[in-house]
Amino acid sequence: MLDIGLNIVPDAGTRHIRFGEIGFGYWGGNLVRNLVQMSATEMCLVADLDRDRLTHVASLYPGLETTRNYRDILDSPDIDAVAIATPVNTHFKLASEALEAGKHVFVEKPVTATSAEAARLAEQARELDLICMCGHTFLYTPAVERLQEIIRSGEIGELQYINSQRLSLGLLQSSCNVVHDLAPHDISIICSLMDSAPEAVNAVGAAYINPAMAEVASITLHFGNGVVAFIQDSWLDPLKTRRLTVIGSDKMVIYNDIEPTDKIQIHDKSVECPIYSDTYEEFAYSYKYGDIVIPRLPGGEPIRRELEHLVDCIRGGERCRTSVDQGLRVIQIIEAINESIANNGARIDLPQQAWI
């Protein structure tokens, strides 16, 4: 892994890290709320083209300055870092200009619209010695962190396959398809659990509302050790589903993000094949049905944990867990998925490279 962002803010350990934010939509509002509430940060300026949104943020946080010109944030010598929560087709331009202005950058997923843009952004961050962090928020959830621990401990035995479903009715996007919108979450979680990127993908998708944008997709990730991961993403499902199932040779784990408390369930279930049998009639699989364990998870809002990690990186030059390099890997996988969809589910091989 490459170390990114060792350009530490002077006196950052003894003062607030000062933020500006570009884009105050739904997710931008969550970012501002946390940056205002955190003791280590100071929210200085919010930029958005929509006057009504600026009026709204000013009503929520009296005294917080607003502007319709994002350059006011980049040109301010008092701002250390910029959070970007705008449509994906603007990410590269805004993040690149922010880095050029000497600001550390947090940019929502997907990090850019194309892998070429993400690669240029990663190179720029390295050259300028600045942090460029991608908003893969789910990797900061206690549930996903615990799931990683369970898999790495060997408790579930040999990993066999993973199944992820991210379904709901909407929100349909006009600037990207369902793969760009939802799959980054699934891909970043699964690759982190596997601690590797897939060696190939294949996928099918369909568009029913907007012919230019697939609203449903079924994706398969093929990993080098024989493990496969299935992903189903949809904007056209009546029930909101956020569930990931991990199947091991000894146990199975369900991660249900919709559950308010019991997000992880460890099922002591498995299937065993008989060592030998003389006749077909003697051949029988053995099924194990054991206890269900629900581990206790710590609290904490994932986006808060994510932003706190960003502050730690800015203050101490720590290695960023979700750097732009990881965002680049995700975009490369997404592009391969879309290529497979365009070619009726053909298998698309990916370059062999480590997961960041």
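General remarks:
- Förster radius 56 Å - calculated FRET efficiency between Glu123 and Val293 (Cβ-Cβ, nearest 0.05): 0.80
- Contour minus Cα-Cα distance for Asn69 and Phe230 (0.36 nm per residue): 53.7 nm
- Number of Lys-Lys pairs in the chain with C-alpha atoms under 20 Å apart and a separation of 8 or more places or on different chains: 7.
- Solvent-accessible ranking of Asp268, Asp50, largest area first, probe 1.4 Å: Asp50, Asp268
- FRET efficiency estimate (nearest 0.05) - Cβ-Cβ, Asp50 to Gln353, R0 45 angstrom: 0.70
- Residue-normalised accessible area of the chain, given per residue in Å² at a 1.4 Å probe: 46 Å²
- Ordering Thr141, Ser174, Ala116 by the projection of their Cα atoms onto the charge dipole of the range 104-193, which places +1 on the Cβ of Lys and Arg and -1 on the Cβ of Asp and Glu, puts Ser174 at the extreme positive end.
- Here the Gaussian network model covers the chain, with springs between Cα atoms less than 10 Å apart; of Pro110, Pro184, Pro295, Pro295 fluctuates the most.
- Toward the positive end of the charge dipole of the chain, with +1 on the Cβ of Lys and Arg and -1 on the Cβ of Asp and Glu, the farthest Cα among Phe223, Tyr70, Ala212 is that of Tyr70.
- GNM remark for the chain: springs join alpha carbons under 10 Å apart, and the peak mean-square fluctuation among Leu60, Leu159, Leu128 falls on Leu60.
- Counting protein heavy atoms only, the chain has 49 percent of its accessible area on carbon and sulfur, 1.4 angstrom probe.
- Under the convention that each Lys and Arg Cβ holds +1 and each Asp and Glu Cβ holds -1, the size of the dipole of the range 140-262 around its Cα centre is about 180 debye.
- Toward the positive end of the charge dipole of the chain, with +1 on the Cβ of Lys and Arg and -1 on the Cβ of Asp and Glu, the farthest Cα among Tyr26, Gly248, His185 is that of Tyr26.
- Dipole in debye (nearest 20) - the chain, about Cα centre, beta carbon charges: Lys, Arg +1; Asp, Glu -1: 620 debye
- Across the chain, the longest run free of exposed loop sites, meaning trypsin sites (Lys or Arg not before Pro) lying outside DSSP classes H, G, I, E and B with no more than 16 other Cβ atoms within 10 Å, spans 69-295.
- Comparing mean-square fluctuations of Leu244, Leu64, Leu193 from a GNM of the chain with C-alpha springs under 10 Å, the top value falls on Leu64.
- To the nearest ten degrees, helix 178-194 and the longest principal axis of the Cα atoms of the chain are 70 degrees apart.
- Net dipole in debye of the range 306-356 [+1 Lys, Arg Cβ; -1 Asp, Glu Cβ; about Cα centre; nearest 20]: 100 debye
- Loop sites in the range 192-245: chymotrypsin sites (Phe, Trp or Tyr not before Pro), DSSP, at most 11 other Cβ within 10 Å: Tyr208
- Low-density loop positions, chymotrypsin sites (Phe, Trp or Tyr not before Pro), the range 285-352 - DSSP coil, at most 14 other Cβ in 10 Å: Tyr285
- FRET efficiency, Glu318 to Thr114 (Cβ-Cβ, R0 35 Å, nearest 0.05): 0.75
The values are calculated or read from the model by the stated rules, or taken from the named source; none is laboratory data. What you are looking at is a predicted structure, and each value in this text was computed from that prediction instead of being measured. Cβ sites come from the backbone with ideal geometry, for glycine too, and all protein chains shown count toward neighbours. The area values use the complete protein model at the heavy-atom level, side chains included, leaving out ligands, DNA and RNA. Shrake-Rupley method; radii C 1.70, N 1.55, O 1.52, S 1.80 Å.
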